[in-house]
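Quick notes on the structure that follows.
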Number of protein chains: 2
Amino acid sequence: MEFFFNPRGIAVVGASPHPGKGGNIIISNLQKGYEGEIYPVTPRHQEVNGLKCYDHILAVPDPVDMAIVYVGAKLVPQIIRDCGKRGIGGVMLQSAGFSESGPEGAEIQAEIAETAAKAGVRIWGPNCMGLVDAVNKNVFSTVAPAIWSAGMTGGNVSLIVQSGMLAGAFLIDIMTHGGRGIAKACSIGNKMDVHECDILEYLLNDPDTGVIGLYLESIVDGPRFVSLCKNAAKPIVVLKGGKSAKGAQAAMSHTASLAGDGAIVSGALRQAGVIEADDFFQMMELCETLGAYPSLPAERQNRVAVLTYSGGAGIVSADFFESYGLVLGELNQEAIEMLGQVYPAWMKPDNPMDLWPAVIVNGTIRVYNQAVKAACFDPGIDAIFAHCFVGGFDLEPDLPAMARMSRQAGKPLVCWITGERKAVHQFQVEAHKLKVPVFHEVKRCVECLSALLNQPQKGAATGFSQAADEREKLLGLLDGHKGGLDEYESKRILKTLEVPIVSEEIVGSTDEALTAARALGFPVVMKGVDPEIIHKTEANLVRLDIASEDQVPGVYEELRASMGEQGRVLVQAQISGGLELIAGLVRDPQFGPCVMCGLGGVFAELIKDRVFAAAPLNHEDALALMGRLKSQELLNGFRGGDPVDRDALAGVLLGLSRLGMAAPTVSQVDINPLIVANGKPVAVDATIVVEDLELNPV
Amino acid sequence: MEFFFNPRGIAVVGASPHPGKGGNIIISNLQKGYEGEIYPVTPRHQEVNGLKCYDHILAVPDPVDMAIVYVGAKLVPQIIRDCGKRGIGGVMLQSAGFSESGPEGAEIQAEIAETAAKAGVRIWGPNCMGLVDAVNKNVFSTVAPAIWSAGMTGGNVSLIVQSGMLAGAFLIDIMTHGGRGIAKACSIGNKMDVHECDILEYLLNDPDTGVIGLYLESIVDGPRFVSLCKNAAKPIVVLKGGKSAKGAQAAMSHTASLAGDGAIVSGALRQAGVIEADDFFQMMELCETLGAYPSLPAERQNRVAVLTYSGGAGIVSADFFESYGLVLGELNQEAIEMLGQVYPAWMKPDNPMDLWPAVIVNGTIRVYNQAVKAACFDPGIDAIFAHCFVGGFDLEPDLPAMARMSRQAGKPLVCWITGERKAVHQFQVEAHKLKVPVFHEVKRCVECLSALLNQPQKGAATGFSQAADEREKLLGLLDGHKGGLDEYESKRILKTLEVPIVSEEIVGSTDEALTAARALGFPVVMKGVDPEIIHKTEANLVRLDIASEDQVPGVYEELRASMGEQGRVLVQAQISGGLELIAGLVRDPQFGPCVMCGLGGVFAELIKDRVFAAAPLNHEDALALMGRLKSQELLNGFRGGDPVDRDALAGVLLGLSRLGMAAPTVSQVDINPLIVANGKPVAVDATIVVEDLELNPV
C-alpha cells in the first residue's frame, strides 16, 4: 500500500486548469503540501497551475508510483491498462459514476476490476475523496480548499470513511472546529478493490497513527476485519452505518431471527476489542481521547476526581458516572489537606471538588493547579475530570500546568469547557495542542473518559483448533441432509461436538417406548419427531409430565396418529426447574459463522438478552461472550441453585463454533432450550439447518 | 412576582464604582438595558457610573419596586427590614455566604427568612445570578459583560436554573454559540423563599415565554410542581441534577437540599407531562425545538423525510429513527415525480433523499428547495430533517425558502449542519433567526425532532376525590399502630380501599385451620403471622402446596412452634402460575406519597421494571402508569393466559394513592406479590408501615 501513502511521484489524470473543478482542486491540493513530482495528464492543455502537462499517462517520466484519476467512467479501463504498462502500482479513482450510479456504472466498475487485476494495479475508490495526510501535508483529494484554512493540524487519529462526501465534509468540520488534528483520513468510496481491511492493516503499522476510527456501511471481509482488530495494538473505534436495516434472510431458526438490529455486528466488534460509536463526532472524540493517552498504568482503576467551579456541574457529572462505569474517587487525607490550603476554612474538601469558594479567595489558577496536584498525589485517584470556564468571571485555568502534572502522574486529564465562543475556541485549540481531550458537553466527556479507562484489553488472539477427524465425521453426518434436520438427528451431531445432550431414545413401538421410559426414569417427555415440523409445540407433538407407565402407550399412539403414522417418537428424560438458556449459530453475510448465547424461557422476549460473536472462538472468547449477558445474576445462581458451570457452557459454544467452521453448509443452529440443571447445561431440543452452498456463498 | 420581572425602579444595595466588582457589574448591566430608574445605595460613594448614590435604602425616591442586594450576609437582615418599611416588595439577594457556606450562613439565612416574612418582602436567592430578560434587555445580575457581546438575542425559551455559577456560565455559552436566544433566564440559587414553582407559575403566564427549561437540584414543593406542569399549556423540560446516589451526595453537600431517588423523580415528571433532559445543551436544544414549533397539526404522525447530500449521512440518521420513535415516511407518487424533476434519470427518488447526484446537476438551492417542496406536498410526511453543509463544495442551501415552505405546510424543519467553523456559525445564527432548530450532531437532531413530534399531550388534569368516610375508616383502622403491620392487618386495610385480596382466614386451632382449608379448597398456603417478622419466607413461616387435610394439623403446630406459640396462623387459598406483579407506596421527601407498580417474581431483580407516579392519581394516571412498564407483552397475556384487567389493576393503584393521601402516617406499603389470576390482580401478601408523623414531615 506504500504507493498510495508515500508515492514518489503522482500522475493526475483529468487535470484541469479551471479553479473549482475536481481536476484542478486535486492539483492545487498537491501543490500545497506534497513534496514529490506532480504530473498533470490531459491532452487538452499545455500547462495546469504552472505544471507541464502530459497528453498521455505513458508519457509521464519516472519516478511515478500512483495516479489520481478524475475522468468519466468510460475512459477509466484504458487508463488502468496504461497505468499497468507504465508500472504505476496504485490508482486512486476519485470520480463517481460507477456502481453507486446504477447498472451501467456497475458494469463499468466490474470491467475495471477485471482490468486492474490483470494489469496488477490496485484501485482505491471509486467515488471517494482519497487521502488527507495532515502530518505529512499530503492531500490526494478533491476535498475543498477550506481544509487548509485550519492549518492542516496533525494529530495521531487516523480515519477510514466509506462515504465520500461525508469524509470531506466531516474532515473540514472537525479540523476547523477547535483545532482538532488528524494523522490520515482515508475515504474509500465504493471499495471495489482496496477496502477497510487493507487500509486498517497499513494504519496499524503506520508510526503516525495512534488510534483508528472507521465509518463503515459494510464490512467486506468480516473474519479478516475481526482478526486484524483482535490483534491490533492500537485502539479502534467503529461507527457502523445501516445497522437498523433488517436482513432479508429467511429466519428459519430462532437464532437467525434474533440476529437483526445489528446484534451480530455489535457482537463481532465487541469480541474483537473494538469500541463502537453511534455518531460522527462521538467517534472522533472517542478516538482523540484514546489517542491522547496511549499508555496508561496497567494497575489503574476507574476512580475519577471531579474539579468544578459550580456545585451543579459536579452533580450532573457525577450523575453520569454510574451508568458509564466510573466512580468518584474518595480523597485521602493528604489530598484533603492539600485542598485545605486553598479552601476557605468553613469548607471541607470533598469529591466532586466544588472549587468556587476557593477560587473567590485564591483565584482560579492557584486553586485548579492545587486541585490537580492533590489528585495526582492521591493514589486513590486514576483520572481527572476538570470543568473549566473561559470568557469572563476570571476563571481561565493554567491548562499547560494542569496537563503537565497529569502526564507526569500518568493520570489522564479531560476537560469539560463552557464559556464565550471565541475564548472556548482558543481553549480548545490550546487543549488539542496539549493533547488534552476537551468537550463541550458533560455526557460526552464522561463517555470518552470511561472509554479510555475501561478500554478493552488488547493483545494477540490465541489460536483456534479443530481435530481433523471431527471435521470428517461432521461432514459425514451431514452428508445428504438438506433443510432442517429433526431434533434427534440434530442432537446426534451436536453430541459429536461434545455438547451435553438430554438422555433420550428414539422408539418404534409402545414396548420400546415403555422400556425407554423405565430406563430414563419418570417423569418423561415424549415428542413426535417429524423433520417437516420444526415447531413441535405449536404442532402439538410434545407431551410433558408423563408420570407413570400406564400413560406411555396412549401417548405413543396419539403422537403417531398426529404425524399421520409417518414420523418417529422420542422418549426423553424430563429436566425442569433449571435456568433456560438458548445457544445457536447463524451464518452472517459479513462475518460468516457467528455463535449466539442468550436467555431463554418465558421472559426471553422481554429481557432480550442475547449476545453474538464471530467464529472461530477460543475458550476465552466463549467465556467473554457469556460474560456479556445482562443476566449474570441468573448465571451465578438461579432460584438458589448452583451457578452455571461456565467452562461447560463454553464447551457448548465452542462446539457450535467448530461446527460453523467445519461445515459451510450449516446455515443455522438452535439449541433451545439449553437447560442448566445442577449447574450443567444440557441441550434439550435442537435444530440444525443445512443449506445448499450456492445459496449461501460466505 | 411582577416586582421582580417588571420593577418600576430598582435600588442596588452594595453598589460599587469599581469595575469588575459585583456591585458595579449589576449597575453596568442595568444601565445597558433597563429603562426604569436605578438607585445605587452605598454610604461610601457619591456617585457610581454617573448615577447619584443614596446612603440608605430608606432615602431612595419613588417609584422603586425591587432591590438587588449584593452585600455581606450579616448586613442583610436590616436591609430586608428597611425594604419592608420602604414598600419594596421584592429583594434579589445575589451575594453568597448563606446556607451553602455552612452552619453560620444557614443561621443567617433562617433569620432573613423570618425577617422577610414579617416585613412582607419576597426574597429571590441568595447565592444566585438573578434574572436575565433578553427580550426586554433587563439584566438584573452579576453575570459577566460577555453576555452582551452576543447582542442579547431574544427568543421564546425561558430557563430556571438552580445553580448560580452554572446559570451565568451556561447563559454566556448558549448566547455566544450560534446566536441562540432566550426570553428569561432565572437563577434562583438557595431558594430560601422564591422557588421554582413561583417562577414557573409566572413564566407559564408570561407572553414572551413559549417553553420553559429547568435545571433543578431539588424540588421544594413536589405536589405543586407536578400540578403546575400537568396543567401547563407550554412544554416544560427538566434536567434534574443529583439523581444518582453519588450525585445526590454531591447535592446535599452543595445546597443542603434533598435530591430524590431517580426513579421517583423521573416517574413524577413523566406523569406531569414533563420532558426530562440529562445534559445542559440537550435541555436547551430540546427547549428550542419545542419552542420553534409551538402548534403542530393535531393529526400529525411521526413520519420524517430525510434530505442529505451524502448517502452515509442518511443511513446514520435513519439508524437512530427506530430507537427514538420516528419513521422514514414513504414518499407518494407526486413527491417522487417532483424529485424526478431534479434527479438524474438513472436515480429513483427514495427516502432518505440522497440528493448529491441531483445537486451535481442542478445545484444545491434548486434541489434542496424542490425536496422540501415535495415533502411539504406529500401527506405521508410530517416533518423534514435536512442535512446541510456550508463552507465549501458549493452546498449552501436557501434556508429562508426552506423554512418558509415548512411553516406554510405545518411540517417542522430541523437541520443537521456540518462544515467549516465560520460558515457553520453564520448558518446557526441565521437558522435561529428563522426559528429553525439546528444541530451539530445527528443523534441530538433526531432526539429533539422526536421530542417535538412525540411530545406528551398537555391538558387540564382531572380531579381527585376521596369519600369522606373512607378517610375516617382508614384513620380508625390505623389508629394505635406503629411500625410494620402484619400481613393480615395490612390486607384488611387494603380491602377497605377495594384492593382485591386473596381468600384467607386467621385460625386459632387445628380445627379452625381444617375448616378454613376445606372452605378455601386445596391446595392451600399456611403462614405464621408475627408482626415482628416482615420477611416470613426467610423466617420459614410460609408453607406452600398443602394438598390435603392430613397435612394441616402438623403444619399448624409447626408454625405455632416456630413463633414460640406467640403469633397467629393464616390459611390462604393458593394462587399460582399467574403473572407476579408488585405494587406499593412510598413517601418521598419532595413529591409526598408516590405509587409504584412493577414486575415481581424471580426475574424482577434482573428486569428492574418499576414505575412511579406522585399521588394523587386519577384513573387515567393509573392507566398511564402501568403503560410505562416495559413488560407490556406480559401484561397483555402471560404464558398464553388472559391479559391483565387494566381497570382492575388501576383500582389497586388508586387504592394505594387514596391511602397515601388520607393517612400521612403511612410511610410505605408493599403489595408483593400481586398475582394476576385469570386477568385479575389479587394481593397475596402485603405490608403497611406506619411511622410517627414527626419523623416524616412531608
Could you give the dipole magnitude of the range B:612-671 about its Cα centre, charging the beta-carbon of Lys and Arg +1 and that of Asp and Glu -1, in debye to the nearest 20? 140 debye
Label point at A:E565 placed 7 Å out along Cα→Cβ; residues across the range A:495-524 whose backbone nitrogen lies under 16 Å: A:508-510
Accessible surface of A:V69 in the full protein assembly, 1.4 angstrom probe, to the nearest 10 Å²? 0 Å²
Label spacing, shortest first and in nm, from A:N678 to its equivalents in the remaining copies (7 angstrom along Cα→Cβ): 4.1
Placing +1 on the Cβ of each Lys and Arg and -1 on the Cβ of each Asp and Glu in the range B:600-655, which of B:V644, B:L654, B:F603 has its Cα farthest towards the positive end of the resulting dipole? B:F603
Probe 1.4 Å - accessible area at B:K422, Å² to nearest ten: 150 Å²
Here the correct list, in nm and shortest first, of distances from A:H619 to the same site in the other copies, label points 7 Å along Cα→Cβ, is 6.4
Two-site label geometry, B:A467 and A:S295: point separation in nm, points 7 Å out along Cα→Cβ: 7.9 nm
So how far apart, in nm, are the two label points at B:D398 and B:D479 if each is 7 Å from Cα heading toward Cβ? 8.1 nm
Just name one of A:S187, A:A375, A:F427: the one whose Cα is farthest towards the positive end of the charge dipole of the protein assembly as shown (beta-carbon charges, Lys/Arg +1, Asp/Glu -1). A:F427
Under 24 Å from the Cα of B:K433, which lysines turn up, not counting those fewer than eight places away in the same chain? A:K422, B:K32, B:K137, B:K184, B:K234, B:K373, B:K411, B:K422, B:K443
Using the crude model of +1 on Lys and Arg Cβ and -1 on Asp and Glu Cβ, and no other charge, please compute the dipole size for chain A relative to its Cα centre, in debye to 20. 2240 debye
Which lysines does B:K527 reach when only Cα atoms under 16 Å apart count, and residues fewer than 8 places away in its own chain are ignored? B:K491, B:K536
Rounded to the nearest 10 Å², the accessible area of A:E2 using a 1.4 Å probe with every protein chain kept is 90 Å²
Output the peptides A:9-15, A:228-234 sorted from most to least packed, where packing is the average of other Cβ atoms within 10 Å over each peptide's residues. A:9-15, A:228-234
Expressed as a whole percentage, what fraction of the accessible surface of the range A:303-453 belongs to carbon and sulfur atoms when a 1.4 Å probe is rolled over the protein heavy atoms? 52 percent
May I ask you to list the residues of the range A:6-45 whose amide nitrogen lies under 11 Å from a point 7 Å from Cα along the Cα→beta-carbon direction of A:L75? A:13-16, A:23, A:41-45
Residue-normalised accessible area of the protein assembly as shown, expressed per residue, 1.4 Å probe, Å²: 37 Å²
FRET efficiency, 1/(1 + (r/R0)^6) with R0 25 Å, evaluated for B:E330 and B:R366 via beta carbons: 0.55
Which residues of the range B:315-329 show a drop of at least 40 Å² in accessible area when all protein chains are present, compared with their chain alone (probe radius 1.4 Å, heavy atoms only, ligands and nucleic acids excluded)? B:I315, B:V316, B:D319, B:E322
Between rounded, prolate and oblate, where does the protein assembly as shown land on the alpha carbon gyration tensor, with a ≥ b ≥ c its root eigenvalues, rounded for a/c under 1.5, else prolate if a/b exceeds b/c? oblate
Helix hunt in chain B: which complete DSSP H runs extend at least 20 Å axially by C-alpha with mean Kyte-Doolittle at least -1.0? B:103-119, B:646-662
Taking the label point as lying 7 angstrom from Cα along the Cα-to-Cβ axis, what are the distances from A:F522 to the corresponding position in the remaining copies, in ascending order and in nanometres? 1.9
Farthest toward the dipole's positive end in the range B:295-453, which of B:S295, B:F320, B:M353, given Cβ charges of +1 (Lys, Arg) and -1 (Asp, Glu) about the Cα centre? B:S295
DSSP loop trypsin sites (Lys or Arg not before Pro) in the range B:102-166 with at most 14 other Cβ atoms within 10 Å of their Cβ, which ones? none
Give me the percent of accessible area attributable to carbon and sulfur for the range A:128-295, probe 1.4 angstrom. 52 percent
Chains B and A together, accessible area buried on both sides, 1.4 angstrom probe, square angstrom: 6100 Å²
Nearest-20 debye value, the protein assembly as shown charge dipole, Cβ charges on Lys, Arg, Asp, Glu: 4420 debye
Inter-site label distance for B:D545 and B:S503 at 7 Å from Cα along Cβ, in nm: 2.2 nm
Using alpha-carbon positions, what is the distance between the centroids of the range A:509-529 and the range A:277-331, in Å? 60 Å
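The values are calculated or read from the model by the stated rules, or taken from the named source; none is laboratory data. This is a predicted model, so every value here is computed, not measured. Neighbour counts are summed over all protein chains in view; Cβ atoms, including those assigned to glycine, are modelled from backbone coordinates with ideal geometry. To get the accessible areas, we keep the full protein, side chains included, count just its heavy atoms, and leave off ligands, DNA and RNA. Shrake-Rupley method; radii C 1.70, N 1.55, O 1.52, S 1.80 Å.
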